[in-house]
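The values are calculated or read from the model by the stated rules, or taken from the named source; none is laboratory data. Values in this document were obtained by computation on a predicted structure and should not be read as measured data. Because the Cβ atoms are built from the backbone with ideal geometry, glycine has one as well, and the counts that use them run over all protein chains shown. To get the accessible areas, we keep the full protein, side chains included, count just its heavy atoms, and leave off ligands, DNA and RNA. Shrake-Rupley method; radii C 1.70, N 1.55, O 1.52, S 1.80 Å.
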Amino acid sequence: MRILSLADLPHRSIDAHGSRGFSVGAFGISADAHLVAVTLAPGGVIGPHPANGRQLLVVLSGEAEVAGAEGSVRRLTAGDAAVWEPGEVHETRSPTGMLGMIVEGDLDIGAPGEQVDPGDV
């Protein structure tokens, strides 16, 4: 077993698409998807951009305000997640700051609990 600290991952700041207060830390990658730790500073924003593949954002701490193609803003807190479809333009903001994980790529995300491995229960 290895223990990884998301805070200790080398992060790089991202300012593309008008983003500010946004940094990512590489966490994992496969042929089909990549996994990154993301940090949004208080008042930070990940500017509007299209999802490269199906994208899952999981809020680990703090809060986020997310919007997708329909434009309605939804508030997420720790334990909540948002899913965007390939090509969907989306945006994320955080008034108070956020730590999260993003998985993006060839993902099959079904209904909650739908794809639980019988060996996991």
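Quick rundown of the values:
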{"item": "Environment charge at T77 (Cβ cut-off 15 Å; Lys +1, Arg +1, Asp -1, Glu -1)", "result": "0"}
{"item": "Apportionment of accessible area to carbon and sulfur, the chain, percent (1.4 Å)", "result": "54"}
{"item": "D32-D8 FRET efficiency (beta carbon distance; Förster radius 25 Å; 0.05 resolution)", "result": "0.40"}
{"item": "Amide H within-cut-off set for R54, under 5 Å, with H built and near neighbours excluded", "result": "G105, L107"}
{"item": "Per-residue ³J(HN,Hα) for the stretch 48-59, Karplus 6.51 cos²θ - 1.76 cosθ + 1.60, θ = phi - 60°, Hz, x for Gly and Pro", "result": "x, 7, x, 6, 6, x, 4, 10, 10, 10, 10, 7"}
{"item": "Of the GluC sites (Glu not before Pro) in the stretch 1-80, those whose Cβ has at most 11 other Cβ within 10 Å and which sit in DSSP loop", "result": "E70"}
{"item": "Residue-normalised accessible area of the chain, given per residue in Å² at a 1.4 Å probe", "result": "59"}
{"item": "Top of L57, L107, L99 by mean-square fluctuation, Gaussian network on the chain, Cα under 10 Å", "result": "L107"}
{"item": "For T96, residues with placed amide H under 5 Å, excluding near neighbours", "result": "G43, E63"}
{"item": "Inter-probe distance in nm under a simple model that places probes 7 Å from Cα toward Cβ, at D15 and A78", "result": "3.2"}
